[in-house]
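Novice: To start, I am sharing the structure in question, which I have written as structure tokens.
Values quoted throughout were computed directly from the atomic coordinates according to the rules given, and no laboratory measurement underlies them. These numbers come from a predicted model, not from an experiment. In this analysis, Cβ positions are derived from the backbone assuming ideal geometry, glycine residues included, and neighbour counts consider all displayed protein chains.
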Amino acid sequence: MKRKPSVNEIQRLLDAIKASDVVESRTKLISELGELDVTDENEQASILECLTTFWEDFTCLDVSQCMLNKSILKVATTYLESDTFKCLTQLLPLGTKATIWCRKHMKMTLMSTDDSQEEEHYALFFQVLLDMLCHSAAVLSTLTKHPVSTGKELMSMIETSILEILNLTKDSILEVKRIQTFGSEVLKASQVVLEALISLSKSYCNNLNSDYDDHVNHIINITKSTIQNLVDLGVLAANAGGNLVTVLNLSWKGVVTLLQQFKKGSLPVNMNISEIILSLISLAKGSLTCASQTWPSLMEPVSLTEAKRIFIPVKFYLINAAKIISHYPSQAFLIFKDITLCIITILTFRIFLSKEEFLKSASEVLAEILEPTSIHLLNSLLNSTQLEQEHKHQILDFLFSDEKEKPVSTYVPGDQSTIFSLTFGSKPLLLGQLSLFVNLLKNAPDVEDDVKLEIAKKMNWVLNILIDEDVYSSVLALQVPFFHGFNQNMFSSILHAMKTFMLVVSSTSIQEEFESFLLENIFHPHHLCWEIVMELWCFMIRHSETEFRNEIIDKLCILLRTISISSWESVLNHNSVVRKLSRSICRVVTHGSESMADRAFNFINGDESKLSSVMFTALVMEGFPLNLLSNKVKSVAKERIVMEYFQFVDGFEDYELRECGSGMFGAPVFALSAAVQSLQVSISDTEMKTINLSISLINKYKTTTKNHYLNLLTETLSIISTMKHLYTSHEIETLILHLHTLFTSNTSTTTLSKCKPNLAAFISGLAHTQFQQTDTNPKFSASCQLFHMLLQERHWALSHLAITAFGYFSARTNCDELWRFMPQDAALSFDLESGVYADSERFMSEFTLSFEKVVPPNHGKNELALLVKEGLLLRNMMKEKMMIVDECDKMEVDERRRVSDGVREGVEKLRDGLRVMANGVMLLRENRFDFSDFDGEFLTHFSNIQDVVGRIVFETG
């Protein structure tokens, strides 16, 4: 228990302290003073004034000096902690003098050498430093309990004292790594001081008295100084790594809290908020840059733990930046380009990570942790009620405008770290921009209507970006997070976001803007962009009311009629405006209802004018869904197609040559061809008009060489290929001979190549024709040569069409000499790399795949008969091989080895072929096919052949 001193006793001790010239004696006297229970305010004031005078501020490293100051600090802290303490005017100068001494002394102490005297001083000084930090925290706590002073002298003292406390705290944290033994204690004590500073500033802001300008300025000065030092500490802690993580959290949270208090108190902030936001953005980009430089060089995939270790601090920086932006949008607007560049860079980095297999997990973690937070930075600006609408529009214009200078890119392909040095508008950042726009569309429910309207006006930007070849390929290939751990490609993500936005703006004034975007791009030349636009149209139709659907289809049909008036001659041109719009209408109607399809058909079927025919033909050629029509309307549509076709066929010979140049010439043929290909229309052609028309077209083409006749011939071949009963007619032979003559004698192979796809479909139907398999049969010979011509085609598409046709033919024809239809130089038998070496195995593998798709499920006698004949051929081949083996015995050793290699390769292929045949025989036996009508020696011969081949393989192996 401390004892109560008399007035004379206190004065006697103060006089003794002043009279003493020895530091040790003075220290002892001050310690005695500290043992007394002094509660009188005047006595405390006198003691503190005396102690301030005798605080040793020499910079020499003296143990006795430290002991003296430690004693003084102890007494001052004792008075500070008493409930009766009111002597701030005397205490603050002492604290200021003590903090200045501690800062200077700490620098000297850390530079000193390690002798015994200095070791003792080292330990003692850092005890004083800890006491000083604790004392500072107590001072700040005391200030928090007292109302804000209005006296100029005291306010000046407080500001000076707080400034020095901040400087000492910051220096202490800076030197923590160098302070041995006491480092962790100094760090903890410093954090307590920072917490007390933040509490004091909050208290001052809450107790603001705006009636006094000095009072306001005093609070602003203290809070501003605290914020700036906290920012400095936050940057320091971030760059120091994990050792100062507590300081990192405390400092930045303190910055955000005090800035919020500033705003809450309506205090004028004469500090650079933009710089604070930029500091946080810089820290975020710095961490990601480090990762981008390190990860690509790793020899193993980046773990989830490692990815989170990098991304969680970045999220912390971005969250705090977003909080500041939301409170100070006007200041943040000044640096919106830096903010948006940071967002786009992060989104781009995620995309680049996803391209590397061993970095995909890191990409997924980034998408989960950073992507939502990054988007929140922009939303903090766009959703702010304090920011003018024109400012929000300016941000979106900057982000999604094609009219900007293209900077010189510093991006090095494959080097992810250079992403963070790119400026806005650099091509590698396009994917990040696109990803940002997609996120804005997804978050449309959370933004104001004026922002939604501006987003709707930027929809064309997406289509313009997709045209870029790099963006286009990435959009189709890249996988992006969707929900619950599932991924979807970026193209699907774009569509999903656009549909979300469409639903959000539906039934609002913004819907009109979105519909304008869809109408403007209904003729978009890029197929991917057109697909997006049409998918949006179809989505709108599927989910809209009947009245709206009718309104849309009426608009589209009126537009088609308007275009057809001036462009009717281009109806047969696949790329004409009439056809493009018809293609779009068909796509939309396909996703509509029966009534919608009826409405569209009735609109164009109003009369028999040329305009009606143009629209009707264009729609049918683009696949108008006739089967979606109601039964009554469907009957009318089919009747019109067939009627107009037969009218054209019957009057074909009467047309003059000049009419061949008409854009509508032969339109009914194209219309019927399109309808029968989709199996929506079937006709009875007992008079074989289509075959005769085809023959006439061939003759017309031979005499005039007009490509339009050739185009019509192509369509008639397509019609015939779908009408199997025509192949049984006598006229079909004449058509085959004419086709053979046309394609084997004509030198204009480029022009005729356009006919070959439909020619392949036509000759596949020859499977339904009865053949007399002799070389003297012209139909058989011509058919074989047509197959030869197609199977020799080198173009990959024609080659596969030919093999498909051959497979269909082989599976159904009654011909048992299929080898006659296959040329020696079939395209698919050639090596892909050299294009010269013929490999029959390659052809057979392709043919087998095609054959198995179309082969009838039930095996019959024809298949077994074919196996018998092929077995006989194999037996003859074996005789030839055996003769070669006998000749090999007479050769020299080296020569024999060279020949036997060729023999071995041949017989190995033969053995594999026999295996396939054996499997076929077993399949027939499993199906309990009756063998009694066939030569009983077949199976015996077949088994013997297998044995011989196996022996040869063994002997030549």
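Novice: What's the whole-number percent of alpha carbon pairs in the range 1-146 lying beyond 20 angstrom? Don't skip to the end; give the middle numbers.
Specialist: Numbers: 5003 of 10585 pairs.
The proportion of pairs with Cα distances above 20 Å equals 47 percent.
Novice: So, one more: Once the principal axes of the Cα atoms of the range 259-315 are found, what is the range along each, listed largest first in whole angstroms?
Specialist: Each principal axis gives a Cα extent; for the range 259-315 these are 54, 18, 6 Å.
Novice: Follow-up. Please arrange 155, 540 by how many other C-beta atoms lie within 10 Å of their C-beta, fewest to most. Can you show the working numbers first?
Specialist: Numbers: 155 19, 540 22.
Going from sparsest to densest Cβ surroundings: 155, 540.
Novice: Here's another thing I want to ask about it. List the pairs from 323/458; 308/360; 70/97 whose alpha-carbon separation is above 23 Å, in the order I gave them.
Specialist: Working: 323/458 27 Å; 308/360 13 Å; 70/97 13 Å.
In this structure, 323/458 lie more than 23 Å apart at Cα.
Novice: Roughly speaking, what % of Cα-Cα pairs in the range 217-314 are separated by over 18 Å, rounded to a whole number?
Specialist: 53
Novice: Sticking with this one: Measuring from centroid to centroid over Cα atoms, what is the spacing of the range 458-477 and the range 346-372 in Å?
Specialist: About 20 Å separates the Cα centre of the range 458-477 from the one of the range 346-372.
Novice: Can I ask one more? At q = 0.20 Å⁻¹, work out log10 I(q)/I(0) for the range 730-833 with the Debye formula, treating every Cα as an identical point scatterer and leaving solvent out; two decimals please.
Specialist: Per q value, in the given order, log10 I(q)/I(0) is -1.05.
Novice: State, in angstrom, two size descriptors of the range 173-265 derived from its alpha carbons: Rg to one decimal place and Dmax to the nearest whole number.
Specialist: Spelled out, the Cα radius of gyration and Dmax of the range 173-265 are 14.9, 50 Å.
Novice: Still on this structure, I have one more. To make sure I understand the rule: partners must be lysines, Cα under 22 Å from the Cα of residue 610, and not fewer than 8 residues away in the same chain. Which ones qualify?
Specialist: Of all the lysines, those that pass the test against residue 610 - Cα under 22 Å, at least 8 places apart if same chain - are 555, 580, 634, 638.
Novice: Using Cβ contacts closer than 10 Å as the measure, can you line up 190, 584 from fewest to most?
Specialist: Going from sparsest to densest Cβ surroundings: 584, 190.
Novice: Let me ask something else about it. Would you mind pulling out the separation of the Cα centroids of the range 572-615 and the range 130-183, in Å?
Specialist: Their Cα centres are 82 Å away from one another.
Novice: Taking the beta-carbon count within 10 Å as an exposure proxy, list 603, 648 from fewest neighbours to most. The partial results should precede the final answer.
Specialist: Values: 603 17, 648 20.
The fewest-first ordering by Cβ neighbours comes to 603, 648.
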